[in-house]
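**Student:** Before I ask anything, here is the structure I am working with.
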Amino acid sequence: MDNRRNFIKKTALLGAAGSTLLLNGCNRESKPPSKSVNINKNRKVKIKLATSWPAHFPIMGTGIDRFAQRVETISGGTIKIKVHPKNALVPAFGVFDAASVGAIDAYHSAAYFYKGKNEAFNLFTGFPFGMTSTEMNAWLDFGGGMELWRTLYDQHNLIPFKGGNTDVQMGGWFKKEITSLDDLQGLKMRIPGLGGEVFSKLGVQPIQLPPGEIFVALERNMLDATEWLGPSLDIKMGFHKVAKNYYTGWHEPGSMLSLVFNKKKFNKLSDEQKMMIEMASNELNSTMNTEFQYINATALEEIESLGVTVRSFPQEVMEKARQAMATVAKEKSLQSHDFQKVWESAQKFLHTSRKWSDIGLKSYMQVR
Ligand code: CA
């Protein structure tokens, strides 16, 4: 205890410069403890990381830029991550395959874009009427979710990490008000993942488009509606200029982004470097969550002055959507053993978590 206290005291006295010396293991005045971290023994490594976003895209792009900078700093410069926006090295949705074969070392994207590889991947982003961001983190960290994610990605030579959470997403922008199930028939909507499949059972034609192509499609009437994220980024995309009905969410209650490494490349890192990546990914995850909470709250005030009407879907639409989600999950569980396994794990956790979220958070929100 005394030794530890002295060490802390010395480190504090040395200040930032002293800390650097201690970390580098070359402080002649005070010998670092034998078990201290010695970053110099880590090999220098360069990591090519591609994303599904345009360069420096707000929150997701800037988040991964910051992650790269911070990993370089905490690793004492031994890990240099170069972030490549979509299409610079590979197309937006080509990152999974590219990292799987080692053409790139890592990527930042969302698992549900790759449901074509394995239906179970949908669930590592989230699912309609599913978990909030807090519940999603809890399931991944403590409920067995991450273990399943890593096992399934291992088959593709990939190692996933939490890559940020968008928190609750809005239900999207509609050119016409939705007053009944009939209004959804034949509607062309950009809506990815399981949300798209659920809406397809309600008569919507779901379309998957990368971020950079959505506004133009909506403006040119190739889309009648689109979902994207939440108030802040949706305004930046300009959707309010062409669609005035903004619906509250149901389909992406806490979408998890993914930070994924090529297994071979990651395993070449030292244990310390691996831990730095893991810790920085946790920071990326939590900071993105708080950033979304902050900017969405601020942007919602602005939305009200843009002639937009915020609405919720009619009860009959949500009721049918909930039923459709149960059907989609049943069908996919029959088709895919992996989906069934991950779905059961997520449902088991959600069943338990729902009670606490209702008694704890929901009760509080009602009295606030
Ligand atoms: Ca979305």
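The values are calculated or read from the model by the stated rules, or taken from the named source; none is laboratory data. Keep in mind that what you see is a predicted model, and the values were worked out from it rather than measured. So basically every Cβ, Gly included, is an ideal-geometry build from the backbone, and we count neighbours across all protein chains shown. The accessibility values were calculated without ligands, DNA or RNA, using every heavy atom of the protein model including side chains. Shrake-Rupley method; radii C 1.70, N 1.55, O 1.52, S 1.80 Å.
**Student:** Of Lys162, Lys175, which residue is away from the ligand (no atom under 16 Å from the Cβ), open to solvent by 30 Å² or more (accessible area, probe 1.4 Å) and charged (D, E, K, R)?
**Tutor:** Values: Lys162 fails: open to solvent by 30 Å² or more (accessible area, probe 1.4 Å).
Only one candidate qualifies: Lys175.
The rows are residues; the columns are (1) surrounded by 23 or more Cβ atoms within 10 Å (Cβ to Cβ); (2) over 26 Å from Met275 (Cβ atoms); (3) in contact with a Leu (Cβ under 8 Å, 6 or more places away or on another chain).
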| site | (1), (2), (3) |
| --- | --- |
| Arg66 | no, no, yes |
| His84 | no, no, yes |
| Ala88 | no, yes, no |
| Pro91 | no, yes, no |
| Gly94 | no, yes, no |
| Val101 | no, yes, no |
| Ala110 | yes, no, yes |
| Phe113 | no, yes, no |
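**Student:** Do you know which residues across segment 181-207 are away from the ligand (no atom under 12 Å from the Cβ) and either open to solvent by less than 30 Å² (accessible area, probe 1.4 Å) or of a type in the set (A, V, I, L, M, F, W, C) (or both)?
**Tutor:** Selection gives Leu181, Leu184, Leu187, Val198, Phe199, Leu202, Gly203, Val204, Ile207.
**Student:** Another question, if that's okay. Enumerate the pairs (first residue in segment 349-368 and touching a residue at least 12 places away in the same chain (Cβ under 8 Å); second residue anywhere and not acidic (Asp, Glu)) with beta-carbon separation below 6 Å, excluding pairs fewer than 6 apart on the same chain, so at least 6 apart or on different chains.
**Tutor:** Phe349/Trp139; Phe349/Gly143; Leu350/Met131
**Student:** Can I ask one more? Return a yes/no flag: does segment 128-140 have any residue that is over 25 Å from Ala99 (Cβ atoms), among the polar types (S, T, N, Q) and touching a Lys or Arg at 6+ places or on another chain (Cβ under 8 Å).
**Tutor:** Taking segment 128-140 first, the residues over 25 Å from Ala99 (Cβ atoms) are 128-132, 134-135, 138.
Right, trim to among the polar types (S, T, N, Q) and you get 132, 134.
In the following step, the residues that additionally are touching a Lys or Arg at 6+ places or on another chain (Cβ under 8 Å) were identified as none.
Checking segment 128-140: not a single residue is over 25 Å from Ala99 (Cβ atoms), among the polar types (S, T, N, Q) and touching a Lys or Arg at 6+ places or on another chain (Cβ under 8 Å).
**Student:** Let me ask another. Give the residues of segment 224-260 that are within 20 Å of Val168 (Cα to Cα), in a strand (DSSP E or B) and aliphatic (A, V, I, L, M), sorted by residue number.
**Tutor:** Ala225, Met256, Leu257, Leu259
**Student:** If a residue has to be part of a helix (DSSP H, G or I) and within 12 Å of Val45 (Cα to Cα) to count, how many in segment 56-80 make the cut? Before the answer, list the steps.
**Tutor:** To start, the set of residues in segment 56-80 that are part of a helix (DSSP H, G or I) comprises 60-74.
When the remaining residues are screened for being within 12 Å of Val45 (Cα to Cα), the result is 71-72.
Count: 2.
**Student:** Among the numbered conditions (1) in contact with a Pro (Cβ under 8 Å, 6 or more places away or on another chain); (2) more than 15 Å from the ligand (Cβ to nearest atom), tell me where Gln169 comes up short.
**Tutor:** Going through (1) in contact with a Pro (Cβ under 8 Å, 6 or more places away or on another chain); (2) more than 15 Å from the ligand (Cβ to nearest atom) one by one, Gln169 breaks only (2).
**Student:** Among the residues in segment 207-223, are any closer than 25 Å to Gln340 by Cα, part of a loop (DSSP other than H, G, I, E, B) and hydrophobic (A, V, I, L, M, F, W, C)?
**Tutor:** no
**Student:** Identify, by number, the condition in (1) within 30 Å of Ala346 (Cα to Cα); (2) at pLDDT below 95 that Arg28 doesn't meet.
**Tutor:** Of everything listed in (1) within 30 Å of Ala346 (Cα to Cα); (2) at pLDDT below 95, Arg28 misses just condition (1).
**Student:** So if I check each of Gly307, Gly360, which one is at positive phi and surrounded by fewer than 13 Cβ atoms within 10 Å (Cβ to Cβ)? Spell out how you get there, then give the answer.
**Tutor:** Working: Gly360 fails: at positive phi.
So the residue among Gly307, Gly360 that is at positive phi and surrounded by fewer than 13 Cβ atoms within 10 Å (Cβ to Cβ) is Gly307.
**Student:** Scanning segment 231-261 for residues that are under 30 Å from Lys82 (Cα atoms) and touching a Gly at 6+ places or on another chain (Cβ under 7 Å), which turns out farthest from the ligand (Cβ to nearest atom)?
**Tutor:** Leu259
**Student:** Residue check: is Tyr114 of a type in the set (Ser, Thr, Tyr) and either within 16 Å of the ligand (Cβ to nearest atom) or more than 20 Å from Ala50 (Cα to Cα) (or both)? I'd like the intermediate steps shown before the answer.
**Tutor:** Working: of a type in the set (Ser, Thr, Tyr): yes; either within 16 Å of the ligand (Cβ to nearest atom) or more than 20 Å from Ala50 (Cα to Cα) (or both): yes.
Judged against the criteria, Tyr114 is a match.
**Student:** Here are some residues: Gln293, Gln335, Gln323. Which one is in contact (Cβ under 8 Å) with a residue 40 or more places away in the chain, open to solvent by 70 Å² or more (accessible area, probe 1.4 Å) and over 30 Å from Ala98 (Cα atoms)? Break it down into steps so the answer makes sense when it comes.
**Tutor:** Details: Gln335 fails: over 30 Å from Ala98 (Cα atoms); Gln323 fails: in contact (Cβ under 8 Å) with a residue 40 or more places away in the chain.
Checking each option against the conditions leaves just Gln293.
**Student:** Tell me, which residue of segment 53-64 that is crowded, with 18+ Cβ neighbours inside 10 Å and more than 12 Å from the chain's Cα centre (by Cα) is farthest from Gly230 (Cα to Cα)? Show your work before the answer.
**Tutor:** Initially, segment 53-64 is screened for residues crowded, with 18+ Cβ neighbours inside 10 Å, giving 53, 57, 59-61, 63-64.
If we keep only those that are more than 12 Å from the chain's Cα centre (by Cα) as well, we get 53, 57.
Working: Trp53: 16, Phe57: 15 Å.
My answer is Trp53.
**Student:** Could you grab me the full set of residues in segment 81-107 that are part of a helix (DSSP H, G or I) and in contact with an Asp or Glu (Cβ under 9 Å, 6 or more places away or on another chain)? Spell out how you get there, then give the answer.
**Tutor:** The initial filter retains those residues of segment 81-107 that are part of a helix (DSSP H, G or I), namely 92-100.
Selection gives Ala99 alone.
**Student:** Separate question: Of all residues being surrounded by fewer than 24 Cβ atoms within 10 Å (Cβ to Cβ), away from the ligand (no atom under 13 Å from the Cβ) and not small (Gly, Ala, Ser) in segment 208-230, which is nearest to the chain's Cα centre (by Cα)? Just the residue, please.
**Tutor:** Top of the filtered list is Glu213.
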